[in-house]
1. So, in the stretch 60-78, exactly how many residues are closer than 21 Å to S212 by Cα and either surrounded by fewer than 24 Cβ atoms within 10 Å (Cβ to Cβ) or of a type in the set (S, T, N, Q) (or both)?
2. With the requirement that a residue be within 16 Å of the ligand (Cβ to nearest atom), of a type in the set (S, T, Y) and either outside any strand (DSSP E or B) or touching a strand residue (DSSP E or B) at 6+ places or on another chain (Cβ under 6 Å) (or both), what does the stretch 166-211 give you?
3. What residue, among those in the stretch 3-37 that are under 18 Å from the mean Cα position of the chain (by Cα) and of a type in the set (S, T, Y), is farthest from A69 (Cα to Cα)?
4. Condition check: under 19 Å from the mean Cα position of the chain (by Cα), assigned to a helix (DSSP H, G or I) and at pLDDT below 95. Does D226 satisfy that?
5. State all residues of the stretch 223-255 that are among the aliphatic types (A, V, I, L, M) and over 21 Å from K270 (Cβ atoms); if no residue qualifies, say none.
6. If I filter the stretch 27-40 down to residues being on the phi < 0 side of the Ramachandran plot, of a type outside the set (A, V, I, L, M, F, W, C) and surrounded by fewer than 24 Cβ atoms within 10 Å (Cβ to Cβ), which single residue comes out as farthest from the ligand (Cβ to nearest atom)?
7. Just checking, which of G154, G163 is without any contact (Cβ under 8 Å) to a residue 40 or more places away in the chain and within 12 Å of the ligand (Cβ to nearest atom)?
8. Scanning for something aliphatic (A, V, I, L, M), surrounded by fewer than 21 Cβ atoms within 10 Å (Cβ to Cβ) and out of contact with any strand residue (DSSP E or B) (no Cβ under 9 Å at 6 or more places or on another chain), does the stretch 109-131 turn up at least one residue?
Amino acid sequence: MAYQWETVKLYEEIIFERSGKIAKITINRPEVHNAFTPLTVQEMIDAVTICRDDAGIGLVILTGAGDKAFCSGGDQKVRGHGGYVGRDGIARLNVLDLQRLIRILPKPVVAMVKGWSIGGGNILQLVCDITIAADNARFGQTGPKVGSFDAGYGSGYLARVIGHKRAKEVWFMCRQYTAEEAYAMGWVNTVVPLAEVEEVTLAWCERILMMSPTALRFIKASMNADTDGLAGLQQLGGDCTMLYYTTDEGKEGKNAFLEKRDPNFDDFPKFP
Ligand code: S0N
């Protein structure tokens with residue numbers, strides 16, 4: 001199948017394209033193995049928000065430019081006192097906002113990983129719903145070696161995905177793992193030859209897009225509720241409210257208020 005990729009919006013540090021129902025966000029800083037700055041992250045947050053609001057987009061691919069890296073984490077050249085420093089001079093760690101946005105996006109997010117998936121970059125692929133790894137992909141955390149750590153999804157959720165012993169090993173040893181090793185740990189969904197990674201990723205996307213979007217939305221929210229506590233339940237609960245708003249029963253309450261009468265819920269079914 002031939003894909004025509006159209007630019008959705010122009011950015012400085014990412015590429016945001018779309019082909020039909022599939023959106024593709026590419027971190028575009030190959031000269032630093034796609035390390036992210038606060039601007040890269042802000043642009044990704046903007047693009048993901050567009051994907052969230054656009055009912056025509058069913059799924060998002062997250063990847064890195066070139067074959068050498070998915071993402072090598074925060075750009076160490078702009079790491080300052082208390083965070084990564086943007087052009088506004090403010091030190092921040094806005095990648096945490098992006099992680100949460102990917103988790104609550106009510107659409108599947110597929111990471112297509114070529115080359116390095118390191119540090120905060122590896123956590124980005126971790127919080128995606130599905131990961132397709134090229135056989136040249138390498139995974140790892142560097143925090144304790146470069147003076148940082150991610151005690152959020154990068155630790156607790158990594159432990160859920162690959163197990164506590166393995167997650168501690170990843171952080172304590174700061175080794176790099178091959179795609180096959182990552183697959184054996186359940187860190188990625190499949191490993192394919194580099195030359196085929198885009199084709200296979202798109203085939204997975206097409207298959208996922210055949211499914212009921214509402215069913216996928218609830219599966220994602222439900223699995224994330226298990227790991228995200230009250231924030232996860234908020235997302236799952238919000239999805240339930242969204243569906244309830246579409247029912248005659250939900251509309252009866254609103255209509256009764258607007259018509260200044262008592263609501264009549266007698267005729268609505270009480271399913272077992
Ligand atoms: C990826 C590595 C292993 C690749 O090695 P290789 O192939 O030998 O390439 P290099 O020659 O090293 O790299 C090529 C060029 O790219 C630059 N570069 C690579 N990575 C970065 C980077 N992260 N920042 C800035 N520049 C980078 C190299 O400098 C080189 O350029 P030149 O030729 O001009 O020197 C290897 O590159 C490597 O180990 N990279 C560093 C990986 C790393 O430590 N990343 C940062 C980890 N920390 C985070 O990501 C923190 C962000 C975060 O998510 C977070 C979240 C929650 C809470 C806290 C944090 C936090 O830790 O702050």
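The values are calculated or read from the model by the stated rules, or taken from the named source; none is laboratory data. No experiment lies behind these values; they were computed from the predicted model shown. Cβ coordinates were reconstructed from backbone atoms using ideal geometry, including for glycine residues, and neighbour counts include every protein chain displayed.
1. At the first step, the residues of the stretch 60-78 found to be closer than 21 Å to S212 by Cα are 60-61.
Restricting the remaining residues to those that are either surrounded by fewer than 24 Cβ atoms within 10 Å (Cβ to Cβ) or of a type in the set (S, T, N, Q) (or both) gives none.
Total meeting the criteria: 0.
2. Pass one, the stretch 166-211, residues within 16 Å of the ligand (Cβ to nearest atom): 167, 170-179, 181-182, 194.
Next, only the ones that are of a type in the set (S, T, Y) stay: 177-178.
The one that is within 16 Å of the ligand (Cβ to nearest atom), of a type in the set (S, T, Y) and either outside any strand (DSSP E or B) or touching a strand residue (DSSP E or B) at 6+ places or on another chain (Cβ under 6 Å) (or both): Y177.
3. Looking at the filtered set, the residue picked out is T37.
4. On the way: under 19 Å from the mean Cα position of the chain (by Cα): yes; assigned to a helix (DSSP H, G or I): yes; at pLDDT below 95: yes.
Here the answer is yes, as D226 does meet what is asked.
5. Going residue by residue through the stretch 223-255, those that are among the aliphatic types (A, V, I, L, M) are 223, 225, 230-231, 233, 236, 242-243.
Scanning the stretch 223-255 gives M223, A225, L230, A231, L233, L236, M242.
6. Initially, the stretch 27-40 is screened for residues on the phi < 0 side of the Ramachandran plot, giving 27-32, 35-40.
Checking the rest, the ones that are also of a type outside the set (A, V, I, L, M, F, W, C) come to 28-31, 37-38, 40.
Keeping just the survivors that are surrounded by fewer than 24 Cβ atoms within 10 Å (Cβ to Cβ) gives 28-31, 37-38.
On the way: N28: 14, R29: 9, P30: 9, E31: 7, T37: 9, P38: 11 Å.
Taking the candidates together, the pick is N28.
7. Details: G163 fails: within 12 Å of the ligand (Cβ to nearest atom).
That would be G154, the only listed residue that is without any contact (Cβ under 8 Å) to a residue 40 or more places away in the chain and within 12 Å of the ligand (Cβ to nearest atom).
8. No, the stretch 109-131 contains no residue that is aliphatic (A, V, I, L, M), surrounded by fewer than 21 Cβ atoms within 10 Å (Cβ to Cβ) and out of contact with any strand residue (DSSP E or B) (no Cβ under 9 Å at 6 or more places or on another chain).
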